[in-house]
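Participant: This structure is in structure tokens; I'll ask about it shortly.
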Amino acid sequence: MAESHCLFAVSPETGLSVVWLDSTRLCREAQFLHRLGRTSCIALSRQLTSTALVALSQKKPRHMSIQVVCNGKLGQIFCDINEDCHLRGYVKEPKIDLPLANDASPRAQEISPVVGDGKLSVIRSLENGEFNQGTIELESGEIDGDVENFLSRSEQIPSVLRCENFFDGDDTLKRSVGVLFQGLPEKRESLLNEIRQRVHQGELRQLIENSSMFDLEALKQFVPDLKPTHESIPVQWKCRCSYAGVLSALQMLGSVDLAEMIDEKKPATVDCEFCGKSWMVEPSEIERVFLSTIKDAN
């Protein structure tokens, strides 16, 4: 089971908080399971890493999902994390593989051409058990930049978020790292703007590339007085699909579709979008779901 650790620090002088995650193991698992082309891998890795960072920035893990729906070739990217820090995700078009830019550039590859226009939605559970949803229009199309916009605009939390990916010569993901800087709006806007400019100029990417272990000492190049705040939190790639969940999904099809499936007298195969596992449901079980749907309707 792929596992990474989310780390936390704060600047006593400025109050700036930093959360970072070396998500290489998680994103490699995603690349393997979904057989991702390089560009699709970058898109999903950025969103997986962003999802974990935003969810854990509140220190108390709760269920959260981030979805991008766009008119570009990628179509849709969905990631979620639960209270146990089990992370998963998928991209609708997994095979996209565009040429990389020069590695010396601030961003080795821009994915906005295959994202296009669209919306980013964030759904998170609240302490009272209810859910809160926010949606913004995509602006950068680079995923991490759009999640940063969401935090700064929809949640009024000034933020700098960056996720960087590196590949081996055979297009296997070599490294994936994400960092989230946040501060209080009335005091830290100028400091965050300075960090944002340095990140956009490629300083963070170069720092990650030159650091065998991306740790607190490395991040002190951006915030010199950083101190760790509490223990790291393990994050695992783990799908939560189950046979019971498949039956619940079938029930949502409605009685008409279920009746047609029963008439075919063939098992139904349901594939999990997150892990690729195939679940087979026998006709007798489909009929049971159908009868339950009819009963609930009455």
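Matching residues to (1) surrounded by fewer than 23 Cβ atoms within 10 Å (Cβ to Cβ); (2) assigned by TED's automatic domain parsing to the domain that holds Ala9; (3) under 24 Å from Ser11 (Cβ atoms):
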| position | (1), (2), (3) |
| --- | --- |
| Gly129 | yes, yes, no |
| Asp146 | no, yes, no |
| Phe181 | no, yes, yes |
| Glu189 | yes, yes, yes |
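Participant: Any residue that is of a type outside the set (S, T, N, Q), farther than 30 Å from Phe290 by Cβ, crowded, with 16+ Cβ neighbours inside 10 Å and over 24 Å from the mean Cα position of the chain (by Cα) - is there at least one of those in the range 224-236? Let's see the steps before the verdict.
Facilitator: Here is the first cut: in the range 224-236, the ones of a type outside the set (S, T, N, Q) are 224-228, 230-231, 233-235.
Cutting the leftovers down to farther than 30 Å from Phe290 by Cβ gives us 224-228, 230-231, 233-235.
Now drop any that are not crowded, with 16+ Cβ neighbours inside 10 Å, which leaves 226, 233, 235.
Narrowing further to those that are over 24 Å from the mean Cα position of the chain (by Cα): 226.
Checked the range 224-236: at least one residue is of a type outside the set (S, T, N, Q), farther than 30 Å from Phe290 by Cβ, crowded, with 16+ Cβ neighbours inside 10 Å and over 24 Å from the mean Cα position of the chain (by Cα).
Participant: A further question follows. Does the range 177-194 contain at least one residue that is more than 19 Å from Cys41 (Cβ to Cβ), in contact with a Pro (Cβ under 7 Å, 6 or more places away or on another chain), among the acidic types (Asp, Glu) and in contact (Cβ under 8 Å) with a residue 60 or more places away in the chain?
Facilitator: Taking every residue of the range 177-194 in turn, none turns out to be more than 19 Å from Cys41 (Cβ to Cβ), in contact with a Pro (Cβ under 7 Å, 6 or more places away or on another chain), among the acidic types (Asp, Glu) and in contact (Cβ under 8 Å) with a residue 60 or more places away in the chain.
Participant: Ok, one more. Select the strands (runs of 3 or more DSSP E) contained entirely in the range 1-96, then report the ones holding at least 2 residues which are under 27 Å from Gly116 (Cβ atoms) and free of Cβ contacts under 8 Å to residues at least 40 places away in the same chain.
Facilitator: Working: elements: 3-10, 17-22, 64-70, 76-81, 86-91.
It comes to 76-81.
Participant: Follow-up question, since we're still on this one. Spot the failing condition for Ala2; the list is (1) touching a strand residue (DSSP E or B) at 6+ places or on another chain (Cβ under 6 Å); (2) crowded, with 20+ Cβ neighbours inside 10 Å; (3) more than 19 Å from Val147 (Cα to Cα); (4) among the small types (Gly, Ala, Ser), and only one is missed.
Facilitator: In the conditions (1) touching a strand residue (DSSP E or B) at 6+ places or on another chain (Cβ under 6 Å); (2) crowded, with 20+ Cβ neighbours inside 10 Å; (3) more than 19 Å from Val147 (Cα to Cα); (4) among the small types (Gly, Ala, Ser), Ala2 misses (2) alone.
Listed here are the residues, each with its yes/no results for (1) closer than 22 Å to Val19 by Cα; (2) of a type outside the set (Ser, Thr, Tyr).
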{"residue": "Gly141", "(1), (2)": "no, yes"}
{"residue": "Ser152", "(1), (2)": "yes, no"}
{"residue": "Asn165", "(1), (2)": "yes, yes"}
{"residue": "Gly178", "(1), (2)": "yes, yes"}
{"residue": "Gln182", "(1), (2)": "yes, yes"}
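Participant: Quick one: Cys239 ticks every box in (1) modelled with pLDDT of 80 or more; (2) part of a helix (DSSP H, G or I) except a single one, so which number is it?
Facilitator: The single condition Cys239 does not satisfy is (2).
The values are calculated or read from the model by the stated rules, or taken from the named source; none is laboratory data. Just so you know, these numbers come straight off a predicted model, no measurement behind them. Using ideal geometry, Cβ is built from the backbone for each residue, glycine included, and neighbour counts are taken over all protein chains shown.
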